[in-house]
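This report concerns only the one structure given below.
Read-outs: derived from the displayed coordinates by stated rules, not from any lab. If you're wondering where the values come from, they're calculated on a predicted model, not measured in any experiment. Positions of Cβ are generated from backbone atoms using ideal geometry, with glycine treated the same way; all protein chains shown enter the neighbour counts.
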Amino acid sequence: MGAHLRSDDGVLIGREHEQEQVQDLLAALPHKGRLLHLSGAPGIGKSAVLRFAAHEATRQDICVLSTTWAPAERQVPHAALHRLLHPLLPHSGDLPPRERGTLDAAFGADPAAPAPRDLARPRCAC
Ligand SMILES: Nc1ncnc2c1ncn2[C@@H]1O[C@H](COP(=O)(O)OP(=O)(O)OP(=O)(O)O)[C@@H](O)[C@H]1O
Ligand SMILES: [Mg+2]
């Protein structure tokens, strides 16, 4: 008996247009990053598309990072971005100056805007 794949495994039934968009987005990497904005009624399948995208990316050896946001974090600037990118900060030196500057500004590396304690370590500058 063959393995039964559930939608939780990234199998998307139908949604050909969304599947094509995800595949186009992945094919453009790593040279061209793009954004796919999913919106729709509750239960319509937004998370299913996301799972499909993550599954496809992993299958193509593309690193997948994810994060969440809670309304209580409204007053904490870039909280979700911080959680998303914190594991990669030691590699920020690999970024082109413009992107690195943007990241530094977002994470408070600008002396005019003191960084959160856990981002102020020298490793951010390596
Ligand atoms: N195209 C699809 N193929 C397979 N399963 C699907 C598809 N669309 C939705 N589902 C399944 O239907 C259920 C609801 O979908 P999902 O959780 O993705 O909706 P959602 O839009 O993210 O909902 P919410 O707005 O509540 O977060 C899930 O079990 C999901 O796996
Ligand atoms: Mg969802």
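General remarks:
- A viscosity of 1.567 mPa s and a temperature of 4 °C, combined with the Kirkwood radius over Cα pairs in Stokes-Einstein, give a translational diffusion coefficient for the stretch 19-79 of 97 µm²/s.
- For the stretch 31-60, the residues whose amide N sits under 18 Å from a probe point set 7 Å from the Cα of ALA80 along the beta carbon direction are 34-54.
- In nm, spacing of pseudo-spin labels at ASP94 and ARG34 (7 Å Cα→C-beta vector): 2.3
- With a cut-off of 14 Å between beta carbons, the residues surrounding GLY40 carry a summed charge of +1, where Lys and Arg count +1 and Asp and Glu -1.
- Local electrostatic count at LEU25 - Lys and Arg +1, Asp and Glu -1, tallied over other residues with Cβ under 11 Å: -2
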